Amino acid sequence: MSFRQRWTVAAALLGAIWVVIYWATPPHPNELPFDAAVYGDPEPIDDNRVDAAPDTTGPTAPIDPMVQPTAATDVEDAPPSPPVIAPEWDEHVVRQGETLESIARDYFGDHRLWRAISRMNGDAVDPNRLRRGQVIKIPHDPGNTQGIAAPAPEVTEPSEDTTDEPPPAVEDVPVVYVVRQGDTLSGIASRIYGRAALWTLIQEANRASVNRDGTNLRPGMELIIPPAPAR
């Protein structure tokens with residue numbers, strides 16, 4: 001056996017002996033597989049522990065920037081929209097030479113209410129260019145051309161009288177109205193009948209003292225208000 005062969009065999013034996021000694025020697029109790037100064041001592045493992053689910057409701061929970069929370073009260077507690085009284089109107093066919101002022105005077109007894117007719121018809125009617133045969137809307141109430149909020153219902157306390165007797169009938173008889181400053185026949189008809197176009201009933205009932213268009217009303221004048229016609 002040559003020198004090289006003997007040296008190779010000797011090195012192999014030394015290596016085998018070192019491996020046997022390394023694995024046969026128990027580790028030192030202070031040896032740790034990681035740096036304890038940095039990570040600290042590992043916690044003992046409890047085989048009976050049940051890990052809780054991660055908390056996703058706290059301040060560190062992920063927030064979708066596209067989804068914004070909405071309080072339920074924003075919709076549920078919204079006040080209901082008040083009821084609206086829809087406007088009513090009659091249709092009028094324009095005659096030759098008529099203007100909105102003359103039509104307002106014929107219907108309402110006041111030429112200044114032509115603006116109510118204009119609002120009722122909007123862009124469909126040019127106040128300066130009425131055409132013969134054109135059909136326009138005449139509001140029943142000059143103050144309601146686009147719809148107005150209905151008045152709140154009155155809350156009345158129940159009566160102590162629990163009898164089932166029907167209320168006495170109210171006779172539909174004429175009443176007397178005392179003219180006030182600024183009154184017009186159409187305004188009086190609107191307050192009493194709910195329709196300004198019924199001013200002609202008042203004029204007819206008082207034609208002995210009221211002229212045809214009602215322009216001679218004076219404060220203190222007494223007018224007979226006839227019953228409203230049946231619809």
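Since every read-out is calculated from the coordinates, none of them should be taken as a lab result. Predicted model, so just to flag it, every value in this text is computed and none were measured. As a convention, Cβ positions derive from the backbone with ideal geometry for all residues, glycine included, and neighbour counts pool all protein chains shown.
Placing a pseudo-label 7 Å from each Cα along the Cα-to-Cβ vector at residue 7 and residue 102 gives an inter-label distance of 13.8 nm.
A crude spin-label estimate for the pair residue 93 and residue 19, with each label 7 Å from Cα along the Cβ direction, gives 12.1 nm.
Each label was represented as a point 7 Å from its Cα along the Cα-to-Cβ direction; for residue 222 and residue 85 these points are 2.9 nm apart.
In loop segments of the range 99-136 as defined by DSSP, the trypsin sites (Lys or Arg not before Pro) with at most 12 further C-beta atoms inside 10 Å of their C-beta are 129, 131, 132.
Over the range 95-134, with a single point scatterer placed on each C-alpha, what log10 of the ratio I(q)/I(0) does the Debye formula yield at q = 0.22, 0.24, 0.27, 0.34 1/Å? Per q value, in the given order, log10 I(q)/I(0) is -0.65, -0.77, -0.94, -1.22.
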